[in-house]
Amino acid sequence: MAVRTDGDGYAYALTRSDSEVGWRFDAAGPVRSALAVADSTVFAADTTGAFYAVDVQSGEAWWQTQDGSATAGLGIVAAGDQVITISDGLSGFDVQTGATQWSLDVGGRLARTAVDGTVYIAPPTDGANVRAIDARTGDTRWSSAELDVCPSLEVAAPPVVAGDSVYVARNAAGTGRIFALDRSDGSQIWTTETEQELTSLAAGGDGVYYSQERFADSTVYALNGADGSVRWAFNLNERAPPWPDETHRVRSLTATEESVYAMSIERSEEETEDPEYTGFLHAFDANGTRRWSLTIDSSSAPVVDTAPVVDDTVFATGNRRLYAVNAADGSVVERVEPVVSKRSTPAVSGDSAFVGSDDELLYRFRRP
């Protein structure tokens with residue numbers, strides 16, 4: 001099952017067999033948060049500050065609470081018997097009842113990820129420290145030493161976890177830095193500097209992947225996760241099909257144990273106030289070989305995102321459409337017509353995909 005939110009105030013659920021709408025849940029406002037699915041429940045927040053726990057099968061709300069921090073939140077994560085909203089701070093809620101278990105004020109919007117009961121956060125106002133938070137209690141398990149960067153650094157992407165390491169991307173003074181930290185205590189393993197500011201970071205298996213800010217740089221970079229050495233770089237402009245250097249850019253990355261998926265956008269060469277954009281989804285083997293590329297619909301807004309990779313299916317969005325793509329060959333298994341938000345990433349569980357919308361609905365669709 002996959003879930004997605006859109007700006008229309010609905011949450012959508014799509015079922016796996018034929019991509020039909022399994023149900024739609026009417027929220028109080030546009031559903032633009034990231035979604036989380038745990039066991040039989042999907043969690044979503046809307047722009048009014050309402051936070052919902054919705055039954056995966058029926059679309060009925062288990063509970064609802066008001067949590068203002070979720071309205072502009074960067075995400076929701078489920079961790080064991082806790083579900084956590086993340087925005088200018090963290091709040092932990094009981095999965096069964098919605099009761100607030102703990103809250104943590106970190107003084108600014110967070111970049112975060114959650115793995116195995118731990119939430120890894122990179123607060124932009126907490127110096128350069130990365131913190132590991134116990135999802136059950138909200139206690140700090142460890143806080144890294146201040147990373148070796150200038151004071152003007154900014155968080156470039158959420159921390160990513162692979163194996164025994166946490167990888168962190170920071171920007172400062174027009175360049176980027178990637179840090180590898182020990183997952184058990186936050187100690188630094190290695191760091192490397194990039195030529196431009198970073199836009200995305202992913203890790204899977206023993207590889208770390210990143211892209212850079214410069215619009216002309218349409219390159220996917222790969223590092224060795226153990227020591228930060230360069231493995232390969234794939235410039236999309238240098239391989240067929242050719243794209244003009246100044247109009248093509250890597251936007252987001254997702255990695256698994258054996259593959260990395262890149263979403264890129266190409267801007268039309270015509271100089272207009274409302275240029276057209278075309279999105280592309282690319283699949284690479286861990287050794288840098290590109291398996292396939294898929295063109296995503298054109299749009300007047302340059303919004304394309306890689307969604308989760310589940311089993312043998314990659315979920316991606318572009319121009320308010322949700323795509324289910326065969327990970328092996330890049331063929332489109334299913335395309336759901338415009339319902340999805342430009343700001344939300346699908347959540348997938350079992351036979352369904354869940355998406356949010358600006359029409360104040362949460363949808364459930366069956367996965368193909």
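When all protein chains stay in place and ligands, DNA and RNA are ignored, the 1.4 Å accessible-area order of Glu334, Glu276, Glu195, largest first, is Glu195, Glu276, Glu334.
Computed 3J(HN,Hα) for region 349-357, one whole-Hz value per residue from the Karplus formula 6.51 cos²θ - 1.76 cosθ + 1.60 where θ = phi - 60°, is 7, x, 9, 9, 10, 10, 9, x, 9, glycine and proline marked x.
The values are calculated or read from the model by the stated rules, or taken from the named source; none is laboratory data. Just so it is clear, the structure is predicted and the values come from calculations on it, not from any experiment. Accessible surface is based on the protein model in full, side chains and every heavy atom, while ligands, DNA and RNA are left aside. Shrake-Rupley method; radii C 1.70, N 1.55, O 1.52, S 1.80 Å.
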